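For reference, the structure discussed in these notes is given below.
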Amino acid sequence: MRPLLIFLLAAIVPGAGHAVIGISRGALALISPLALLLGVFIGAALGMGPAGVAGWMLSSTGLTVLAVLNILFALLRAGGLFDLVRRVRGAGFRIVGVALIALTVVLPHLYVGQTIAAVAASMDQAF
């Protein structure tokens with residue numbers, strides 16, 4: 001598979017690129033936190049219901065947790081992609097890979113962080 005396709009696959013699903021090139025431990029280490037988080041969210045939705053989850057997420061505690069999770073998930077994704085770029089051969093791909101990491105990981109997570117901060121500020125003003 002071409003390195004760019006592997007990279008884009010890994011940018012969408014952390015660990016997918018590692019799985020494609022045969023690094024199963026790396027893939028498992030990258031996908032496990034996402035699977036755990038998804039399981040916790042589904043469990044909370046079943047326990048509290050969708051309205052309860054939405055209410056908690058809009059609380060100051062929920063917004064703080066979301067901000068921390070956003071930072072941790074950005075670090076996980078960026079670290080996984082840097083590792084993938086390091087393992088895939090080709091110096092040209094490494095330069096393109098670092099630029100793609102900025103576009104596919106850093107910028108979206110910065111936007112999400114800015115949105116969380118704006119929602120927190122709005123909630124503080126409203127209440």
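Considering the conditions (1) surrounded by 11 or more Cβ atoms within 10 Å (Cβ to Cβ); (2) more than 30 Å from ARG2 (Cβ to Cβ), ALA51 is excluded by exactly one of them, (1). Taken together, the residues in segment 71-127 that are over 16 Å from the mean Cα position of the chain (by Cα) and under 18 Å from PHE7 (Cβ atoms) amount to 15. With respect to SER32, determine if the residue is closer than 22 Å to GLY79 by Cβ, in contact with a helix residue (DSSP H, G or I) (Cβ under 9 Å, 6 or more places away or on another chain) and among the small types (Gly, Ala, Ser). Judged against the criteria, SER32 is not a match. When you check PHE7 against the structure, is it without any contact (Cβ under 8 Å) to a residue 40 or more places away in the chain and either open to solvent by 60 Å² or more (accessible area, probe 1.4 Å) or assigned to a helix (DSSP H, G or I) (or both), yes or no? So PHE7 fails the test.
State yes or no: is HIS18 in contact with a helix residue (DSSP H, G or I) (Cβ under 8 Å, 6 or more places away or on another chain) and either hydrophobic (A, V, I, L, M, F, W, C) or in contact (Cβ under 8 Å) with a residue 40 or more places away in the chain (or both)? Yes; evaluated as a whole, the condition is true for this residue.
For segment 73-97, filtered to residues that are exposed (fewer than 13 other Cβ atoms within 10 Å of the Cβ) and assigned to a helix (DSSP H, G or I), the residue that is modelled with the lowest pLDDT is ALA91. When segment 21-57 is limited to residues that are in a loop (DSSP other than H, G, I, E, B) and touching a residue at least 12 places away in the same chain (Cβ under 8 Å), the one that is farthest from ILE71 (Cα to Cα) turns out to be ILE21.
The values are calculated or read from the model by the stated rules, or taken from the named source; none is laboratory data. All of these numbers come straight from a predicted model, not from anything done at the bench. Heads up, the Cβs are rebuilt from the backbone with ideal geometry, glycines too, and the neighbour counts pull from every protein chain shown. Please note that ligands, DNA and RNA were not included when accessible areas were found on the heavy atoms of the full protein model with its side chains. Shrake-Rupley method; radii C 1.70, N 1.55, O 1.52, S 1.80 Å.
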